[in-house]
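Beneath this line is the structure, given in structure tokens, with notes to follow.
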There are 2 protein chains.
Amino acid sequence: MDANPVLAEAVRGNWVENRHRGAFAVIDADGRIIASAGDIERAIFPRSAIKSMQALAIFSEHADEKFHHSGEELALACASHHGEDEHVTGVSRFLERMGLGVDDLECGAHQPTNPAARKALRARGEQPSALHNNCSGKHSGMLSVALAMGVDPHGYVEREHPVQKRVRAAIETVIGEPLSEDRCGTDGCSIPTFAAPLRAFAYGFARMATGQRLEAEQATAARRLFDAATAHPHLVSGTGHPDETIMKAFKGRVMQKVGAEAVQCGAIRDKGWGYAIKCDDGNVTASQTMLAALLLQFADPDDEQRRMLEALKRQPIKNVRGLVVGEMRAAEPFHGL
Amino acid sequence: MDANPVLAEAVRGNWVENRHRGAFAVIDADGRIIASAGDIERAIFPRSAIKSMQALAIFSEHADEKFHHSGEELALACASHHGEDEHVTGVSRFLERMGLGVDDLECGAHQPTNPAARKALRARGEQPSALHNNCSGKHSGMLSVALAMGVDPHGYVEREHPVQKRVRAAIETVIGEPLSEDRCGTDGCSIPTFAAPLRAFAYGFARMATGQRLEAEQATAARRLFDAATAHPHLVSGTGHPDETIMKAFKGRVMQKVGAEAVQCGAIRDKGWGYAIKCDDGNVTASQTMLAALLLQFADPDDEQRRMLEALKRQPIKNVRGLVVGEMRAAEPFHGL
């Protein structure tokens, strides 16, 4: 297998300590490749980077007509949230409105991603619940699909449950590729995740951004989801996270979503371009520097956006005493584009 | 730059999610390469993997004659310990015996690596001190060098301090390569770290294991350090860590030490072979699976050692609910050796 190029590197002092290879693609809704590096046909697990694609099932099963999801709830359905008060309250109300509760969530519990939220929970002597799970909004959205379909929500995370079949179909439609049991795993939150070519995810985001080559209902659904996510970056992410920072800074122009193991997907909406990045080794910080380099190159940032992205593209590495001893930075291939 | 081979991979379900490239070398004390993969001439930062080489300065400056370091203290000088009671007490007594205290340590404070020790500290409402820093034993050893030299210990972490010059010279002697300011950074514990070819570190461990091509005093010093480390694996590492597990299981036959950013160095002592591994992207778990594969191949494990190494070579990946959803495992190149 050919090696993907080094797209980020960690420097200590004056010497490169670590190298991070990867692939990326920027693609329009006609499938035309605007730019790419590495093997974009290699199938990757998109993980949480495609929550907005998974949320399309809310519309395809007409759960939106039954529950009239708010913009905040749609944002949470697309979210890897950080378990902050606003997230937990939002998901809790979302479930309540459907006559459901935390016990209906099958994502499992983990500590809030946000350090202050973790600390506050601990100070109150409380254990985290499934509400704090970064995927609880997505799971609430999936529960709304189950209720709209009139099926038993129990086991909605299983690959053979009607909800996951509909979610899978929604993804297949938008990426234009069949998903296969031959390239399938279980995600952190227990739902199935299917691997598909990196290129296809970038293409799917371009189609969602433009509505091109989608049926009218799908195009509307995609626009509502991207509108909701970019209008509520904090709900999709958490305080200070790059997804929040980028979507805030670009004021609706950029849809951006991280996925576990260093996947980054999104769309430069006004250009109609989708993008996808996967760092081969799963290093999230490395993938953030690649993402910053990509947006610097292709998202036409203004001065303020550029400053934000430049800071994301070169992140300091500190030692135990807090001294800056190096940096993680996007590597050469991005410079040459 | 040519890509190193994939030496470990993370599989989710039935598909490879992440790939970890790297290089390794197994070398004898004549510099003969027993086995290798990847670019072993590329300079890597050895980080904490060569604490036993740094500790040679204790002997070259005759600090051992002044302080008569115990085996436990020598083990701590070679350690990345986990901040458990035995480590903290050991380092504290080591310092006290030299008329020094925690305030003389310049490594900085961090939470104990061991989760139970972290929890106990928190339950007592205490903040971690420099004693809990995994490098506090190494720093105590360096302080003994300063006192033996009769120089002011203050600033002993700085590159230009006499202690670091002696530490650097000790490493240069044993690896047979000059270290250079052109390939230098600051380590997590604030001392300098110099990059050198991967091959040279494996060679240095072979020389330390055999005493070959070393002066008699150096050979004795090296043997005392490896004897101390392998006799006290818990002091060098921490409860349940692979370094502890491996050295316990091999009962003195294998010296093994991890370094930050996925370096693994050691020696198969009875064979007179040194080894060094660096995972290009700094993933420690990946480097552990590479280490296990290497020892399975070259350390002639008995049945019990083999079972332990097989478990280290394929480590389960669990999701939020604790379900096993994949594994990190050593990859093909090791199989073909």
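When the Cα atoms of the protein assembly as shown are aligned to their principal axes, the ranges along those axes come out at 83, 55, 52 Å in descending order. Viscosity 1.002 mPa s, temperature 20 °C: Stokes-Einstein D of the range A:205-337 from its Kirkwood Cα radius, in µm² per second? The estimated diffusion coefficient comes to 139 µm²/s.
Among the listed pairs A:K138/A:K248; A:K165/A:K248; A:K119/A:K248; B:K165/B:K313; B:K51/B:K318; A:K51/A:K271, a Cα-Cα separation exceeding 29 Å is found for A:K165/A:K248; B:K165/B:K313; B:K51/B:K318.
For the range B:218-318, trypsin sites (Lys or Arg not before Pro) are listed when DSSP marks them as loop and at most 15 other Cβ atoms sit within 10 Å of their Cβ; the list is B:K251. Label-point distances for A:R124 to the equivalent site in the other copies, using a point 7 angstrom along Cα→C-beta, read 3.0 nm when ranked shortest first. Projecting label points 7 angstrom from Cα along Cα→Cβ for A:T220 and A:D152 puts them 3.4 nm apart. Dimensions of the range B:62-169 from C-alpha coordinates, computed as largest minus smallest value along each principal axis and given longest first, are 41, 27, 23 Å.
Percent of Cα-Cα pairs more than 15 Å apart in the range B:28-79, please. Tail fraction, whole percent: 63.
Ordering A:H161, A:S136, A:A249 by the projection of their Cα atoms onto the charge dipole of the range A:6-335, which places +1 on the Cβ of Lys and Arg and -1 on the Cβ of Asp and Glu, puts A:A249 at the extreme positive end. In nanometres and ascending order, the distances from the B:G252 label point to those of the other copies are 7.5 (point 7 Å from Cα along Cα→Cβ). For chain A, taking a cut-off of 4.7 Å between Cβ atoms, the unpaired cysteines are A:C78, A:C184, A:C265, A:C279. Which of the GluC sites (Glu not before Pro) found in the range A:17-126 are loop residues per DSSP with 14 or fewer other Cβ atoms within 10 Å of their Cβ? Of the GluC sites (Glu not before Pro), the ones in loops of the range A:17-126 whose Cβ has at most 14 other Cβ atoms within 10 Å are A:E41, A:E126.
For chain A, the 222 nm mean residue ellipticity estimated from helices alone, with every DSSP H stretch of n ≥ 4 adding -39500 (n - 2.57) and the total spread over all residues, rounds to -12000 deg cm²/dmol. Computed FRET efficiency, Cβ-Cβ of A:K119 and B:V284, R0 30 Å: what is it to the nearest 0.05? Step by step, r from the Cβ atoms, then E = 0.70.
Could you compute the net charge surrounding B:D39? Neighbours are other residues with a C-beta less than 13 Å from the C-beta of B:D39; K and R count +1, D and E count -1.
Working: positive: A:R19, B:R21, B:R42, B:R199, B:K278; negative: B:D2, B:E41, B:D280.
Around B:D39, the surrounding residues sum to +2.
In terms of its Cα atoms, chain B spans 60, 52, 39 Å along the principal axes, sorted from long to short. Taking amide H as placed 1.01 Å from N in the peptide plane, B:N18 has its amide H under 5 Å from the amide H of B:A10, each at least 5 places away in sequence or on another chain. Pairs of Cα atoms nearer than 8 Å and 6+ residues apart set the relative contact order; for chain A it is 24 percent. Just so you know, the Cα atoms of the range B:14-116 work out to an Rg and Dmax of 18.8, 59 Å. Loop-resident chymotrypsin sites (Phe, Trp or Tyr not before Pro) (DSSP state other than H, G, I, E or B) in the range A:2-90 with no more than 11 further Cβ atoms inside 10 Å of their Cβ are absent.
For chain A, a simple Cβ point-charge model (Lys and Arg +1, Asp and Glu -1, everything else neutral) yields a dipole of about 800 debye relative to the Cα centre. Each other copy places its own label point for A:D303 at 7.5 nm from this one, sorted shortest first, where the point lies 7 Å along the Cα-to-beta carbon line. Computed over neighbours whose Cβ is under 13 Å from that of B:A292, the net charge equals +2, Lys and Arg +1, Asp and Glu -1. Summarised as an ellipsoid, the range B:222-276 has semi-axes of 16, 14, 10 Å, derived from the eigenvalues of the Cα gyration tensor scaled by 5 and square-rooted, with the largest first.
Counting beta carbons within 10 Å around each of A:I44, A:I317, A:I27 and listing the fewest first gives the order A:I317, A:I27, A:I44. For the protein assembly as shown, the dipole from Cβ point charges (+1 on Lys and Arg, -1 on Asp and Glu) about the Cα centre works out to 100 debye, to the nearest 20.
Laboratory data are not the source of any read-out in this text; all were calculated from the coordinates shown. As the structure is a prediction and not an experimental result, all values here were calculated from the model. With ideal geometry, Cβ positions are generated from the backbone for all residues, glycine too; neighbour counts draw on all protein chains shown.
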